[in-house]
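Right, one structure below, let's go through it.
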Amino acid sequence: MCGIVGAVAQRDIAEILVEGLRRLEYRGYDSAGVAIISPQGELQRVRRLGKVQELAAALEQQPLSGGIGIAHTRWATHGEPSEANAHPHVSNGDLAVVHNGIIENYEELREKLQGLGYEFVSQTDTEVIVHLVHHYLKTSDSLLQALQTTVKDLRGAYGTVLMDRRDPSRLVVARSGSPLVIGRGLGENFIASDQLALLPVTRRFIFLEEGDVAEVTRRGVQIFNVAGQPVERAEIESELSHDAGDKGHYRHYMQKEIYEQPQAILNTLEGRLVGNHIVPEAFGTHAREIFQKVKHVQIVACGTSYHSGMVARYWFESLAGVSCNIEIASEFRYRKSVVHPNSLIITLSQSGETADTLAALRLAKELGYMASLTLCNVPGSSLVRESDLAFMTRAGAEIGVASTKAFTTQLTGLLMLVTAIGRCNGQMTETDERCVASALQALPSQIEQALKLDKQIEPLAEQFANKQHSLFLGRGDQYPIAMEGALKLKEISYIHAEAYAAGELKHGPLALIDSEMPIIVVAPNNELLEKLKSNVEEVRARGGLLYVFADRAAGFSSDDTMRVMPMESVADIIAPIVYTIPMQLLAYHIALIKGTDVDQPRNLAKSVTVE
């Protein structure tokens with residue numbers, strides 16, 4: 001959730017570190033800091049509360065020079081957002097550390113270190129790392145050895161980087177549960193929590209594995225596994241393209257990413273949908289063999305990805321004839337569960353580093369699932385590396401914290417997956433596959449049509465300016481879309497929003513309905529339409545204020561109590577994806593009116609790499 005950047009080079013690296021933080025700011029933005037060892041061997045540190053721009057402004061007033069340094073942008077876990085709690089943290093004026101994750105036994109370690117005479121100046125769990133390394137360095141041959149000893153004392157998740165002003169030639173790093181990547185250069189090397197931070201300086205990357213500890217100098221990289229043995233990790237050439245400073249003509253990254261969805265979905269389909277056929281090998285070399293055996297699917301995910309999994313459950317059971325469970329990863333990992341025979345575990349994550357989802361995958365392997373598959377947007381991420389099969393959604397870099405194109409490309413990939421499994425297990429006919437393929441081919445243009453509602457939604461959003469609560473309704477596979485719509489609204493506008501399956505209204509939510517409560521309804525022209533109309537009438541009878549996004553042929557018309565936004569007719573199978581678009585646009589325009597930070601909403605971060 002926080003961002004790490006480090007560099008060791010012959011040139012001044014302050015600008016590289018700050019630019020890297022800008023590219024990672026979507027991961028955390030409570031505070032930011034940088035530490036650089038000067039050519040004279042002094043440990044220079046600047047930290048600021050707030051966003052990276054505050055740090056950049058401070059560095060203009062107080063420039064730092066040097067060829068080795070570390071930087072961090074923080075999302076608070078232990079200790080309030082403050083300059084004192086901002087990273088890097090220092091021990092004895094010699095060592096500096098940056099850290100992502102949570103040290104679960106930090107109180108015990110803090111007490112031990114205080115007994116050894118160390119003074120703590122922050123509320124963070126991170127400070128125990130730098131003091132522990134300083135303590136063990138007294139009896140170690142090197143900074144690397146001191147870190148290797150330190151990690152044996154740590155319980156929890158960490159991606160951490162340290163440097164010592166007395167030896168300004170190397171950085172040492174450790175990874176357990178929180179991602180770190182090494183960027184290779186010519187006569188210089190870099191470290192970051194996400195390769196996006198380093199794209200301006202390199203496209204050659206080494207992804208550290210769980211338990212790895214490494215030493216990084218200008219000339220080389222040495223990596224040691226959890227057992228302390230030297231290991232080689234593959235170097236990968238990145239094909240990512242992203243300029244974190246370029247929103248083009250768009251006002252926010254979220255707006256840009258909403259409008260990128262037609263192209264993102266085309267990228268998801270490219271090479272995987274050939275004619276009227278979904279290629280099973282798009283999910284992995286042995287996918288066809290595994291899919292033929294699948295009798296049950298267990299999906300685990302968090303947040304927006306959980307909603308895409310909920311839609312997929314309808315598809316798996318109705319199209320592929322495969323039973324499907326969907327569970328929030330943080331719940332799945334902490335309960336005893338029964339593994340069905342020939343069961344496939346599916347993980348969904350934009351980043352591929354979501355802590356609870358990654359832990360759920362590792363648990364599933366212990367429990368004996370037949371195979372694992374991940375749908376992810378980041379090649380080389382932990383979920384991709386640790387799963388038997390992987391499908392890259394190809395959404396491109398998503399910077400806005402509230403997910404948009406990552407969600408719709410996940411849904412697109414899941415529909416392809418359902419079809420591939422249905423064909424491999426014999427539950428879907430060639431005609432069935434052709435129908436899905438035709439709908440998928442039409443999807444980008446259907447998204448384009450939905451985006452044209454933007455100008456109509458913009459004035460509609462003004463009616464939400466003074467609202468404190470709202471309710472979203474849907475039925476069938478549109479119920480998860482209602483949930484996603486409610487999540488988007490609460491994430492970026494801070495309006496309390498809840499979603500219900502429309503048939504549940506009379507079991508409680510009707511008590512909330514009055515003339516001040518906006519009710520947003522998703523209403524495609526499907527087999528549940530008449531049932532949904534009855535639910536809408538229940539709301540109207542109680543004075544509710546209705547906003548209905550409905551198929552033109554669904555028979556809704558606007559009046560004093562109901563505003564209807566007409567949608568073009570779409571195939572039932574892709575309707576959940578298309579009806580997502582107006583939910584995103586509505587949340588975006590309401591947030592603009594409310595004056596909130598659209599791209600970086602309060603208290604949230606993009607990639608949740610801590611539990």
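Worth a mention:
- Only one of 216, 322 that is among the hydrophobic types (A, V, I, L, M, F, W, C) and over 30 Å from residue 429 (Cα atoms): 216
- Spans of helices (runs of 4 or more DSSP H) in segment 309-402 with at least 2 residues within 19 Å of residue 283 (Cβ to Cβ) and modelled with pLDDT of 90 or more: 355-367, 382-386
- Criterion: at pLDDT 95 or above and either β-branched (Val, Ile, Thr) or in contact with a Phe, Trp or Tyr (Cβ under 8 Å, 6 or more places away or on another chain) (or both) - qualifying residue of 184, 233: 184
- Subset of segment 456-480 (residues that are part of a loop (DSSP other than H, G, I, E, B) and within 25 Å of the chain's Cα centre (by Cα)): none
- Selection of segment 283-311 for residues being surrounded by fewer than 22 Cβ atoms within 10 Å (Cβ to Cβ) and more than 24 Å from residue 359 (Cβ to Cβ) yields 285, 286, 288, 289, 292, 293, 295.
- Residue pairs meeting the criteria (Cβ under 8 Å; at least 6 apart or on separate chains; first within 15 Å of residue 518 (Cβ to Cβ) and surrounded by fewer than 24 Cβ atoms within 10 Å (Cβ to Cβ), in segment 563-591; second among the small types (Gly, Ala, Ser) and at pLDDT below 95): 564/550; 564/557; 564/558; 565/550; 589/461
- Counting the residues of segment 368-388 that are within 21 Å of residue 294 (Cβ to Cβ), buried (at least 23 other Cβ atoms within 10 Å of the Cβ) and hydrophobic (A, V, I, L, M, F, W, C) gives 4.
- Flag for residue 433 being assigned to a helix (DSSP H, G or I), surrounded by fewer than 18 Cβ atoms within 10 Å (Cβ to Cβ), in contact with a His (Cβ under 8 Å, 6 or more places away or on another chain) and not basic (Lys, Arg): no
- Pick from segment 500-546, criterion in contact with a helix residue (DSSP H, G or I) (Cβ under 8 Å, 6 or more places away or on another chain) and among the polar types (S, T, N, Q), ranking: modelled with the lowest pLDDT: 535
- Criterion applied to 429, 404, 412 was being among the polar types (S, T, N, Q), without any contact (Cβ under 8 Å) to a residue 12 or more places away in the chain and in the same structural domain as residue 297 (by the TED database), and the one residue passing it is 429.
- Listed conditions (1) surrounded by fewer than 21 Cβ atoms within 10 Å (Cβ to Cβ); (2) touching a residue at least 60 places away in the same chain (Cβ under 8 Å); (3) touching a Lys or Arg at 6+ places or on another chain (Cβ under 9 Å) are all met by residue 320, apart from (1).
To keep it simple, each residue is scored yes or no on (1) over 16 Å from the mean Cα position of the chain (by Cα); (2) over 30 Å from residue 247 (Cα atoms); (3) among the hydrophobic types (A, V, I, L, M, F, W, C).
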site: 314; (1), (2), (3): yes, yes, no
site: 344; (1), (2), (3): yes, yes, yes
site: 349; (1), (2), (3): no, no, no
site: 352; (1), (2), (3): no, no, no
site: 362; (1), (2), (3): yes, yes, no
site: 377; (1), (2), (3): no, no, no
site: 393; (1), (2), (3): no, no, no
site: 421; (1), (2), (3): yes, yes, yes
site: 427; (1), (2), (3): yes, yes, no
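- Enumeration of residues in segment 149-192 that are among the acidic types (Asp, Glu) and assigned to a strand (DSSP E or B): 164
The values are calculated or read from the model by the stated rules, or taken from the named source; none is laboratory data. No experiment lies behind these values; they were computed from the predicted model shown. When we count neighbours, we look across all protein chains shown, and the Cβ atoms used for this are built from the backbone with ideal geometry, even at glycine.
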